[in-house]
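Colleague: What follows is a structure written as structure tokens; I'll ask about it next.
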Amino acid sequence: MTGLKVSTGAACSKLLGIGGYRPRRVVDNAEICTLIDSSDEWIRTRSGIIERRWASPDETVQMMSVAASRKALERAGIEAPQIDTVIVSTVTHLYQTPAVATTIASELGAKGAAAFDISAACAGFCYATAMADSFIRSGASKYVLIIGVERLSDLTNKHDRSTAFLFADGAGAAVVGPSEVPGVGPVVWGSDGDQALLIQQTASWDRALSASEDSDGMALWPTLRMEGNPVFKWAAYTMSKTAAEALDAAGVSPDDLDVFVPHQANMRITDAMFKALKLPEQVVVGRDIAYQGNTSAASIPLAIEALLESGQAHSGQTCLIIGFGAGLVYAGQVILIP
Ligand SMILES: CC(C)(COP(=O)(O)OP(=O)(O)OC[C@H]1O[C@@H](n2cnc3c(N)ncnc32)[C@H](O)[C@@H]1OP(=O)(O)O)[C@@H](O)C(=O)NCCC(=O)NCCS
């Protein structure tokens with residue numbers, strides 16, 4: 001038997017365009033504090049969050065994804081039919097099946113594209129970036145649309161003071177395509193399932209359903225619970241080491257780095273990582289959390305878009321991205337800003 005043919009792809013890949021969707025409704029800390037025992041001052045100093053966005057009923061996972069993707073496609077100069085692969089990272093699409101990626105591809109006009117969802121929580125955008133890069137270099141794909149989208153407000157207990165002020169909604173998308181120069185560095189990624197209980201849904205869907213049947217008609221709607229303090233320490237210390245490894249893997253020294261965009265989990269985590277990485281003061285830092293809250297898989301592309309729109313970051317600059325969250329999972333790499 002002769003050997004199978006194998007595909008070969010482009011030498012390198014890069015992000016060609018990025019776009020975001022921020023829900024219309026702004027929720028300030030005063031509104032949050034009508035439901036939890038907290039204060040604007042506590043929320044600002046402990047998390048850096050001033051306000052966040054919560055989606056209205058019409059701002060669905062599908063709708064927000066399509067809006068963000070249209071911006072990313074336009075900025076990339078790519079037409080939807082050129083997209084051959086769509087990867088959506090979300091933990092808040094409330095249908096088990098089908099994947100939302102297929103209907104997003106159809107609505108955009110990327111008909112026939114390979115399309116699937118991944119569940120990698122706040123590391124989702126970096127997981128999807130790594131996959132897109134590999135697919136393009138292997139020849140499996142040419143133009144990949146990656147989307148991080150969440151409606152975390154659907155799975156947040158608005159009376160839980162450890163999460164109610166943190167989680168928010170939005171979508172970020174990027175088009176990744178072939179390139180002659182490296183635009184996506186090696187990914188450093190992994191997981192630690194031993195710590196899965198630190199951030200998880202309060203009940204599985206089947207348990208929630210049986211509980212609602214057993215009780216007095218009160219539905220037990222699962223929400224996300226989190227042990228904030230151990231997550232904070234893991235993110236601030238262990239993830240700083242992962243971020244340093246991603247820089248090293250790309251052959252980029254802290255002095256060569258232009259932009260740092262960690263997952264927008266907590267401003268204090270961002271500050272701790274910046275310090276641990278010994279980044280020079282001139283490195284521009286994504287601080288979108290102040291006005292968006294923690295939007296999980298959407299937070300990194302939204303933060304990059306904000307830096308581009310404000311003129312703080314520019315196309316072609318080196319940018320370290322790192323995502324970390326429920327699983328626990330993590331992934332980081334250096335990219336060139338589109
Ligand atoms: C959630 C988080 C902001 C809490 O901050 P923290 O400094 O760890 O706070 P702690 O839980 O240790 O609580 C400190 C004190 O504030 C109080 N507190 C907790 N939540 C509060 C709130 N919403 N408002 C006011 N006080 C609050 C606690 O009761 C405690 O009081 P005490 O000192 O009198 O016992 C922080 O742990 C965090 O950001 N964790 C990581 C979040 C994250 O990254 N999650 C997602 C990863 S994707």
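Colleague: With a 1.4 Å probe and all protein chains kept in place, how much accessible area does ARG44 have, in Å² rounded to the nearest 10?
Modeller: My reading of the accessible area for ARG44 is about 110 Å².
Colleague: What are the equivalent ellipsoid semi-axes of segment 95-135, built from the alpha-carbon gyration tensor (square roots of five times its eigenvalues), in whole angstrom, biggest first?
Modeller: Calculated on Cα positions only, the semi-axes equal 19, 14, 8 Å.
Colleague: With θ set to phi - 60° and the Karplus curve 6.51 cos²θ - 1.76 cosθ + 1.60, what are the ³J(HN,Hα) couplings of segment 93-110 in order, to the nearest whole Hz, using x for Gly and Pro?
Modeller: After applying 6.51 cos²θ - 1.76 cosθ + 1.60, I find 7, 7, 9, 5, 7, x, 4, 6, 4, 5, 6, 5, 4, 5, 5, 6, x, 8 Hz.
Colleague: Taking the alpha-carbon set of segment 1-60, what are its Rg and Dmax in Å?
Modeller: Rg, Dmax (Cα atoms, Å): 23.2, 71.
Colleague: May I pose another question? What length, rounded to one decimal in nm, is gained on full extension from TRP221 through to TYR95, with 0.36 nm per residue of separation minus their alpha-carbon distance?
Modeller: Extra length available between TRP221 and TYR95 comes to 43.9 nm.
Colleague: If R₀ is 22 angstrom, what is the calculated FRET efficiency for the pair GLN317 and GLU245, using the beta carbon separation as r and rounding to 0.05?
Modeller: Once rounded, the FRET efficiency stands at 0.60.
Colleague: Ranked by accessible surface with a 1.4 Å probe, highest first, in what order do LEU336, LEU209 come?
Modeller: Ranked from most to least accessible, the order is LEU209, LEU336.
Colleague: Over the alpha-carbon set of segment 181-318, work out the extent along each principal axis and list the three values in angstrom, largest first.
Modeller: Over segment 181-318, Cα extents along the principal axes are 61, 33, 30 Å.
Colleague: Taking the solvent-accessible surface of protein heavy atoms with a 1.4 Å probe, what is the per residue accessible area of the chain in Å²?
Modeller: Solvent-accessible surface per residue comes out at 43 Å².
Colleague: With +1 on each Lys and Arg Cβ and -1 on each Asp and Glu Cβ, and nothing else charged, work out how big the dipole of segment 217-338 is about its Cα centre, in Debye to the nearest 20.
Modeller: 480 debye
Colleague: For the chain, which whole percent of the accessible surface, found with a 1.4 angstrom probe, sits on carbon and sulfur atoms?
Modeller: Its accessible area is 53 percent carbon and sulfur atoms.
Colleague: Let me ask something else. How big is segment 1-102 on each of its three principal axes, counting only the C-alpha atoms and giving the largest first in Å?
Modeller: Its Cα atoms span 70, 31, 27 Å along the three principal axes.
Colleague: Please check the chain for the longest run free of GluC sites (Glu not before Pro) that are loop-located per DSSP (anything but H, G, I, E, B) and have at most 15 other Cβ atoms within 10 Å.
Modeller: That gives 80-179 as the longest site-free run.
Colleague: Let me ask something additional. Starting from the Cα-Cα distance between LYS233 and LYS278, subtract it from 0.36 nm times their residue separation and give me the gain in nm to one decimal.
Modeller: Once the chain is fully extended between LYS233 and LYS278, it gains 14.4 nm.
Colleague: Could you check the spin-label model distance between SER56 and ASP28? Points 7 Å from the Cα along Cα→Cβ, value in nm.
Modeller: Output for this residue pair reads 2.0 nm.
Colleague: Ordering ASP194, ASP206 by accessible area with a probe of 1.4 Å, largest first, what comes out?
Modeller: These residues rank, largest area first, as ASP194, ASP206.
Colleague: Test of understanding: what is the full-extension gain from THR2 to SER138, defined as 0.36 nm times their sequence separation minus their Cα-Cα distance?
Modeller: That pair, THR2 and SER138, stretches by 46.9 nm at full extension.
Colleague: Further question: How large is Rg over Rh for segment 84-204, taking Rg from the Cα atoms and Rh as the Kirkwood inverse mean of 1/r across Cα pairs?
Modeller: For segment 84-204, the value is 1.01.
Colleague: Can you list the residues of segment 324-338 with backbone N under 13 Å from a point 7 Å past the Cα of ASP256, pointing along Cα to Cβ?
Modeller: Answer for segment 324-338: 334-336.
Colleague: Can you tell me the alpha carbon radius of gyration of the chain divided by the globular rule-of-thumb value 2.2 N^0.38 Å?
Modeller: Taking N as the residue count of the chain, the ratio is 0.97.
The values are calculated or read from the model by the stated rules, or taken from the named source; none is laboratory data. This one's a predicted model, so the numbers in the text were calculated from it and none came from an experiment. For neighbour counting, all protein chains shown are included, and Cβ atoms are generated from backbone atoms with ideal geometry for every residue, glycine included. Areas reflect the complete protein model, heavy atoms only, side chains present, ligands, DNA and RNA absent. Shrake-Rupley method; radii C 1.70, N 1.55, O 1.52, S 1.80 Å.
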